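> The structure's right below; bear with me while I get my questions together.
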Amino acid sequence: MRNLSNAWIIHGFALLHAMTTTACLGVGINDTIFLTMLTMAMTVIICVREKLSVEFTAISIILVNIIGYLLGMAAAMLFLPVFSNPMTARVVSTIITTELMGWSITMFIRVFGTTSNDGSRISAKHLRWILTAVGAVLVARLLFAGFARTHLFNGASVLDVTWIFISNPVPLMIMIFATLLYVRTRKKLPGKRGVAKTSVVVTGAFVLCVMCTLMAGFGLPLKFDGPFTTRHFLELLIVAIICEIAIFSIIYMVDSAQNARKSMVKERDRANLAKFEYLNLKRQVNPHFLFNSLNILDCLIAEGKNDEARDFVRKLSRLYRYMLRNENEPLVTLSEEMEYVEMYVELLKLRFGDGLVVDYDIRDEDRNRYIVKYSVQMLLENANKHNSVSASDPLKVTIRTDGSKIIVTNNKIPKITEPESTGLGLKYIRQNYLDRGGKDILIEDTDEYYRVSLPLL
């Protein structure tokens, strides 16, 4: 529904652009300011609907108008020979340009956009961002309208001058590299903040534009065409400033999107770590496990099996010591995990005896690979939880590796009453594998067996 709504917004503004152009040309007035206002309105509406951050919205307003202006002029020149009526050519080019810019900004938002941290609420500070962007675009358009009445940028020469500037790759690459370097290191730069720092940055950007204008004008470093006129210098300088604004806008948006995604991954890792620590804490004080362990210990003492009781206490203490030792590590080596699993199985066998059979087939070369901590033990616990265990019909579990994964398989002996399950353990294992290694676990559930394959990292 949202895509359909955006489509209608774009189509509607394309129609409004066409009607405005027709009306302005009909009465003989310049349509520049009116089209600019419509383009900015379309951009703001799309950005607000997509819940784009205010900084991105402001930059989008500037970027859309810069590219839209050049694209509109190119389209007008392209369609002028096609249509005998210049008004028709202008209207068609306006519709096509609006459609292209509307869909382009929508696609760009989907790929690189970052949402606002505080929803759709716009504070006074955020409003200043948008008003500054709108004011800058309007001032730039008014300046261009003024240039059109002078010897600068008379008609189609704007595209010619732009092509002269961007056809020399060296100054363009210098601008891209310098802007990229600044955007990536701006937070680490020493010095004053606020207005003083902004003035330094603006001055540096202007000096960069002047240097690149001279290089483009003289054809350096590829060739040397000799001196060029002051008019040509001013035209190239204006184009250079526009290019620098566009380059900065694009690099800033992409860099901000990457930083936002990194922050999102960190927050997700932090949330998963909190969930992991919660599960770990539950495991350390699991009342069922502790109750069953104490029952086994009580039976051993009551039967006078003091040596077995002492052995049980030692194994139980080793198990909890392992938990405490690795409580802050989300990944452990397979060797460490299997040491923990074997201790856990020893405790289970004291309770179930021949009712539980665990076979190991772990390759030595796989023992130094990493897996999510407690993942194998959780699978053993689930097998014990969901299946009946008895000496007459034992629960058989096999744990083996094949070089790329560790595979835990158990036969299915359903209990009369199926225990309640939240599936939290498997969700935890799967999410941690996706976050830590970008790999998913594989689950096979048949009438005869239940199998889970965990990637070795």
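> Return the distance in nm (one decimal) between the two label points of a simple spin-label model at Val313 and Phe206, each offset 7 Å from Cα along Cα→Cβ.
The modelled label-to-label distance comes out at 8.3 nm.
> First select every other residue whose beta carbon is under 14 angstrom from the beta carbon of Asp402; then total the charges, Lys and Arg +1, Asp and Glu -1.
Charge balance near Asp402 sits at +2.
> Need the full-extension length gain, Glu329 to Asn368, defined as separation in residues times 0.36 nm minus the C-alpha distance. One decimal, nm.
12.5 nm
> Using DSSP to define loop residues, name the GluC sites (Glu not before Pro) in the range 295-389 whose beta-carbon has at most 12 other beta-carbon atoms within 10 Å.
Glu303
> What distance in nm separates the two pseudo spin-label positions at Val254 and Asp361, each 7 Å out from Cα along the beta-carbon direction?
5.0
> Provide the FRET efficiency to the nearest 0.05 for the Lys262-Phe34 pair, computing r from the beta carbons and using R0 = 56 Å.
Step by step, r from the Cβ atoms, then E = 0.85.
> Can you work out the FRET efficiency for the pair Ala23 and Val139, with r the C-beta to C-beta distance and R0 = 30 Å, to the nearest 0.05?
0.80
> Sticking with this one: Summing +1 for each Lys or Arg and -1 for each Asp or Glu, what net charge is found among the other residues whose Cβ lies under 13 Å from the Cβ of Arg451?
Its environment carries a net charge of -1.
> I've got another one for you. Once you have the Cα-Cα distance between Arg351 and Leu434, take 0.36 nm times their residue separation minus that, and quote the gain in nm to one decimal.
Extending this stretch completely gives an extra 26.4 nm.
> Please name whichever of Val397, Ile441, Leu347 sits farthest to the positive end of the charge dipole of the range 333-457, dipole taken about the Cα centre and charges placed at Cβ: Lys and Arg +1, Asp and Glu -1.
Checked the options; the winner is Ile441.
> Could you sort out which of Lys266/Lys427; Lys305/Lys373; Lys349/Lys439; Lys349/Lys412; Lys405/Lys427 sit more than 26 Å apart by Cα distance in this structure?
Flagged as over cut-off: Lys305/Lys373; Lys349/Lys439.
> Still on this model: Which FRET efficiency value, to the nearest 0.05, is calculated for Asp445 and Ile174 with the Förster distance at 60 angstrom and r the Cβ-Cβ distance?
0.50
> Another question about this same structure. Multiplying the sequence separation of Val48 and Ile301 by 0.36 nm and subtracting their Cα-Cα distance, what value in nm do you get?
84.0 nm
> Along Cα→Cβ, 7 Å out, is where each label goes; now give me the distance between the ones at Ser404 and Phe291 in nm to one decimal.
4.4
> May I ask for the distance between the Cα centers of the range 303-351 and the range 391-457, given as a whole number of Å?
21
A short reminder: the numbers here are calculations on the coordinates, not readings from a lab. As the structure is a computational prediction, the values presented were derived from the model and not from experiment. Here the Cβ is made from the backbone with ideal geometry for all residues, glycine too, and neighbour counts use every protein chain on show.
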